[in-house]
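These notes concern the structure reproduced below.
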Amino acid sequence: MRLVDILKKESISVDLKSKGKEEVLKELTELLGKDIKDKKKIVKVLIERENLGSTGIGQGIAVPHGKMNNINKLVAALGISKKGVDFNSLDGEPVYIFFLLVAPKDSAGPHLKALARISRILRNTSFCNILRKSKDVEQIYRLIIKEDEKGN
């Protein structure tokens with residue numbers, strides 16, 4: 001699985017405006033466009049998942065994720081916050097890079113593979129630093145393609 005198979009250019013934001021956790025989840029969900037019809041429901045699913053434990057994994061990164069019945073494929077969004085957001089991260093630090101993943105309810109295997117792939121590329125500190133400094137979607141998309149190829 002490649003991330004570019006689930007992440008469209010239109011689902012990337014280089015300048016998230018949200019200042020709080022729920023706002024960020026709504027903004028990221030909006031980036032999914034037509035892939036998610038019931039955006040209010042997915043935001044609810046994401047908040048319920050966050051209530052189990054923050055998906056803010058530390059080092060300025062969060063990977064919010066959830067599963068829904070009425071979607072038919074794995075989809076992703078990527079958002080960069082220039083100012084950082086308090087996301088109740090494990091290390092208590094603000095989050096700058098948000099990688100949202102939404103999966104069909106019955107897709108445990110692909111969902112876990114995508115989470116593993118995302119966490120693998122986000123472990124690369126220099127990659128994350130470049131992401132945070134990126135000013136346009138095209139640059140981020142090319143970076144992800146390049147990083148994706150390393151894992152194949």
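Would you mind stating whether residue 147 is acidic (Asp, Glu) and either touching a residue at least 60 places away in the same chain (Cβ under 8 Å) or assigned to a helix (DSSP H, G or I) (or both)?
Working: acidic (Asp, Glu): yes; either touching a residue at least 60 places away in the same chain (Cβ under 8 Å) or assigned to a helix (DSSP H, G or I) (or both): yes.
It is true that residue 147 is acidic (Asp, Glu) and either touching a residue at least 60 places away in the same chain (Cβ under 8 Å) or assigned to a helix (DSSP H, G or I) (or both).
Would you confirm whether or not the stretch 50-68 contains a residue that is in contact (Cβ under 8 Å) with a residue 60 or more places away in the chain and assigned to a loop (DSSP other than H, G, I, E, B)?
Going residue by residue through the stretch 50-68, those that are in contact (Cβ under 8 Å) with a residue 60 or more places away in the chain are 57, 59-61.
When the remaining residues are screened for being assigned to a loop (DSSP other than H, G, I, E, B), the result is 59-60.
Yes, the conditions are met somewhere in the stretch 50-68.
Does residue 92 fit the bill of being modelled with pLDDT under 95, surrounded by 17 or more Cβ atoms within 10 Å (Cβ to Cβ) and of a type outside the set (Asp, Glu)? Can you show your working first?
On the way: modelled with pLDDT under 95: yes; surrounded by 17 or more Cβ atoms within 10 Å (Cβ to Cβ): no; of a type outside the set (Asp, Glu): yes.
No.
Check the stretch 62-76 and report whether any residue there is under 16 Å from the mean Cα position of the chain (by Cα) and under 14 Å from residue 14 (Cα atoms).
Looking through the stretch 62-76, none of the residues is under 16 Å from the mean Cα position of the chain (by Cα) and under 14 Å from residue 14 (Cα atoms).
Given the condition at pLDDT 90 or above and surrounded by fewer than 16 Cβ atoms within 10 Å (Cβ to Cβ), answer yes or no: does some residue in the stretch 99-114 qualify?
no
Answer yes or no as to whether residue 80 is surrounded by 16 or more Cβ atoms within 10 Å (Cβ to Cβ), β-branched (Val, Ile, Thr) and in a strand (DSSP E or B). Walk me through it before giving the result.
Numbers: surrounded by 16 or more Cβ atoms within 10 Å (Cβ to Cβ): yes; β-branched (Val, Ile, Thr): yes; in a strand (DSSP E or B): yes.
So residue 80 fits the description; yes.
Which count do you get for residues in the stretch 3-43 that are touching a helix residue (DSSP H, G or I) at 6+ places or on another chain (Cβ under 8 Å), assigned to a loop (DSSP other than H, G, I, E, B) and farther than 12 Å from residue 75 by Cα?
4
Which is of a type outside the set (A, V, I, L, M, F, W, C), buried (at least 16 other Cβ atoms within 10 Å of the Cβ) and at pLDDT below 95, of 67, 39, 73? Working first, answer last.
On the way: 39 fails: buried (at least 16 other Cβ atoms within 10 Å of the Cβ); 73 fails: buried (at least 16 other Cβ atoms within 10 Å of the Cβ).
Answer to the check: 67.
All but one of (1) crowded, with 18+ Cβ neighbours inside 10 Å; (2) closer than 23 Å to residue 149 by Cβ; (3) among the charged types (D, E, K, R) hold for residue 50, so report the exception by its number.
Among (1) crowded, with 18+ Cβ neighbours inside 10 Å; (2) closer than 23 Å to residue 149 by Cβ; (3) among the charged types (D, E, K, R), the lone unmet condition for residue 50 is (2).
Within the stretch 134-150, is even one residue more than 15 Å from the chain's Cα centre (by Cα) and farther than 17 Å from residue 12 by Cα?
yes
The values are calculated or read from the model by the stated rules, or taken from the named source; none is laboratory data. No experiment lies behind these values; they were computed from the predicted model shown. Because the Cβ atoms are built from the backbone with ideal geometry, glycine has one as well, and the counts that use them run over all protein chains shown.
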